[in-house]
Every structure is written in C-alpha cells, then in structure tokens.
Amino acid sequence: MSAPGAGHEFPAKEVSWQKRDVLLFANSIGVKADELHFLYELHPSFSVFPTYSLILRMLSASRDFRAIALTPKPIAFKLTDQEVTDFYARQKAVHIPGVPDLDHRHAVDGQRKITILKPLPTTSAGRKFELRNKVIGVYDKGKPGTVIETEQSIVDKESGEVYTKVVSSGFLVGQGGWGGPKGPSTVNYPPPEGKAPDATHVVQSNLETAHLYRLNGDYNPLHATPEPGQKMGFGGVIIHGLFSWNSAAHGILRELGGSNPANMKEFQARFASPVRPGDKLTTEIWRMGNVQDGYEEIRFVTKNDKGRVVLSNGRCLLKATGVKSKL
C-alpha cells in the first residue's frame, strides 16, 4: 500500500539561470581563487557547481518557515527571477490528497539528498527547463510528529532529460497520530568509530555570509534582519542551512575530488543545528573504501567552533582523486 499523497505532483514551474547566477553561487559557498573553472566565465572548463540546482527549487517545509506557515506551502526560490522577491508574498497554500492539513508552524527541515545525473549547462539561455515536484510519501510517526518526503527534479522540458533529483524531508513536530503509515526506517550513515578523518575543510563565516548567500534567491528575512530570529528563539539572524550544506559539498569536492564537478554523483546531509553569523564550520571527512562504478562512499560531519554538530548523516558518492587537480 502506498503512502498517503505518494505520487501527487505540484504544478511544474519554469526555471532559468544565467552565467552570473552560477558565478554568484560559487562565490557564496566559499569556492577559492584556485578553482577558476567555477569563478571565471571565460575559463576553458567553466562549470556549474554540481549542487547549484537546489537554488532553482521550491521548498515545502523548513525550520526557517515554522513561525509563518499554516498549511503545506511550497516556497519558490529563484525559479526564473533575476530581481529580489517578497519571500512572504510568495507563499501559496496547497493540499496534499489523503493527508490532513497539518500546522507547519512547527515544521523543521530534515535532510537533503541530491543525485547528479547530468551537469547543468552554464546558462539556460536558448532552452527550456522546468522544476517538477512530487510527493514521495507522508508518514505518521505517532506522538513525535509527521514526516513529509518530496522529490524535485530539474528537467529539460523539450527532451525530457532529467539533470538532477533532490529528495527532501521535513518533520512536523508533535503532529502525528492521524492514522497514516509509519513509513520506512531512516538509513543512518555515521562516521567510522575510532578513525581520524582523512581530510578536513574549514569555513569561517562572517556577519555578511547570509547576506551574500541570500542573493541566490532565498530572501527569507530570517537570514537578513534579527527580528524574525528573535521571535523564533534563535536570538537573531541565522545563516541558511543550505549554505552549510553547499559549503560542505564544496569542501569535499575540493579536498578529495580535485574540484572536478564530474567527480560528484550524490551528496546528502541532515540539518542538525542552526548556524549563526561568525561561526567557524569544520567538516571532517572519511573515505569508506567501498567503490562502485568508480564512485567511493564518503562520510562526513560538520561542526561549529563549539563542537556542536550542524550537519549529520553526511554521505557522498565521489570519484576520489587523492590530489587537488583544480582542473
């Protein structure tokens, strides 16, 4: 028996991007000057950073929205926009068939997993791409709450080719017990015990980190001005969870994948704690040794300078080069 809402598709949305968007994203996640193929549009190997497609998506539930959403509401990020958008005005209530209208004021982001099937072109000019968003399932976890799992794909509208798939989960705290299926158990990917990391990557955020990252299309005021975060109990501005997620992806590709975008096939992590401006983020990275079709399993965890885990359940499939080729 399929889960309630499984297969329900939200209306497809057109997405577009320019080379300038690709450059901005690379700068905003900490790409370095010796990785010019992500930072210079005339570089012979100019490329889109492999996790960029998350910027084009719509989000259905996130810790950032818990004080403002009353029913399931896809939040559009960039789509086709080149101008700043009104984050709150873009919310649109939707209903998932077979699922009660749950209160998203207590929704927290779960985790993201991206699968790269084909590299995005450095601009969408002259072509038509769209975001397709569907429900995988809605699961009743009893007293703890409800999990909503969705899949978003970036697709060439004319050819039907799928470039990336992103599986996202959101957890609605304390809103279980409505009679739905419990759903599958979560697969965990802890780092190996008793083994030192094979590599580490450090990112020092500053007071402007969130202001730069939000120019990619996530204009939630929570990441720009202190008032929303104060009301939510964060004490002020917090940095986008996807900044931490994407900067960790960059760190792993840089440290173990030669900064070659073709070397990353999958990347996932669970959002564990908020990050404040000025936090230093250290990603500890382990090579697991098991290789399939040339891609090795990599596990990682990201902590702030107080030792608190901000990204857990980190896993990547990577062609590990062992050297930093930087193309």
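The values are calculated or read from the model by the stated rules, or taken from the named source; none is laboratory data. Please read all numbers here as calculations on a predicted model, not as lab measurements. Quick reminder, even Gly has a Cβ in these numbers, built from the backbone with ideal geometry, and neighbours come from all protein chains shown. SASA here: full protein model, heavy atoms, side chains in, ligands and nucleic acids out. Shrake-Rupley method; radii C 1.70, N 1.55, O 1.52, S 1.80 Å.
Key figures for this structure:
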| read-out | value |
| --- | --- |
| Among the candidates 110, 170, 98, 177, residue that is free of Cβ contacts under 8 Å to residues at least 40 places away in the same chain and not aromatic (Phe, Trp, Tyr) | 177 |
| Of the criteria (1) surrounded by fewer than 24 Cβ atoms within 10 Å (Cβ to Cβ); (2) at pLDDT 95 or above, which one residue 245 fails | (1) |
| All positions within region 182-213 that are over 30 Å from residue 144 (Cβ atoms), assigned to a loop (DSSP other than H, G, I, E, B) and without any contact (Cβ under 8 Å) to a residue 24 or more places away in the chain | 194, 196 |
| Exclusive hit being in a loop (DSSP other than H, G, I, E, B), touching a residue at least 24 places away in the same chain (Cβ under 8 Å) and among the polar types (S, T, N, Q), set 259, 247 | 259 |
| Subset tally (residues that are closer than 30 Å to residue 22 by Cβ and β-branched (Val, Ile, Thr)) for region 177-214 | 4 |
| Residues satisfying the stated conditions in region 273-296, i.e. of a type outside the set (A, V, I, L, M, F, W, C), touching a residue at least 60 places away in the same chain (Cβ under 8 Å) and under 19 Å from residue 195 (Cβ atoms) | 282, 283, 284, 287 |
| Top-ranked residue in region 296-327 [being β-branched (Val, Ile, Thr) and modelled with pLDDT under 95; ranked as farthest from the chain's Cα centre (by Cα)] | 323 |
| Failed criterion for residue 236 (all others in (1) modelled with pLDDT under 95; (2) within 12 Å of residue 29 (Cα to Cα); (3) out of contact with any Leu (no Cβ under 9 Å at 6 or more places or on another chain) hold) | (2) |
| Long-range neighbours under 7 Å by Cβ, at least six apart or interchain, first residue of a type in the set (S, T, N, Q) within region 116-127, second in a loop (DSSP other than H, G, I, E, B) and open to solvent by 80 Å² or more (accessible area, probe 1.4 Å) | 123/18 |
| Set 26, 3: member being farther than 23 Å from residue 262 by Cβ and not β-branched (Val, Ile, Thr) | 3 |
| Test: residue in region 91-102 that is surrounded by 16 or more Cβ atoms within 10 Å (Cβ to Cβ), modelled with pLDDT of 80 or more, farther than 27 Å from residue 16 by Cβ and under 20 Å from the mean Cα position of the chain (by Cα) | no |
| Residue selected from region 200-221 under the condition under 17 Å from the mean Cα position of the chain (by Cα) and modelled with pLDDT under 95, by the criterion nearest to residue 38 (Cα to Cα) | 216 |
| Search result, residues across region 6-42 that are farther than 18 Å from residue 252 by Cβ, open to solvent by less than 10 Å² (accessible area, probe 1.4 Å) and not in a helix (DSSP H, G or I) | 15, 17 |
| Failed item in (1) open to solvent by 20 Å² or more (accessible area, probe 1.4 Å); (2) within 21 Å of residue 166 (Cβ to Cβ); (3) touching a Lys or Arg at 6+ places or on another chain (Cβ under 9 Å), with residue 261 passing the rest | (3) |
| All positions within region 150-175 that are open to solvent by less than 50 Å² (accessible area, probe 1.4 Å), out of contact with any Asp or Glu (no Cβ under 9 Å at 6 or more places or on another chain) and not hydroxyl-bearing (Ser, Thr, Tyr) | 151, 152, 160 |
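Yes or no, residue by residue, for (1) in a strand (DSSP E or B); (2) out of contact with any Cys (no Cβ under 6 Å at 6 or more places or on another chain); (3) surrounded by fewer than 19 Cβ atoms within 10 Å (Cβ to Cβ); (4) on the phi > 0 side of the Ramachandran plot:
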{"site": "278", "(1), (2), (3), (4)": "no, yes, yes, yes"}
{"site": "285", "(1), (2), (3), (4)": "yes, yes, no, no"}
{"site": "288", "(1), (2), (3), (4)": "yes, yes, yes, no"}
{"site": "300", "(1), (2), (3), (4)": "yes, yes, no, no"}
{"site": "310", "(1), (2), (3), (4)": "yes, yes, no, no"}
{"site": "313", "(1), (2), (3), (4)": "yes, yes, no, yes"}
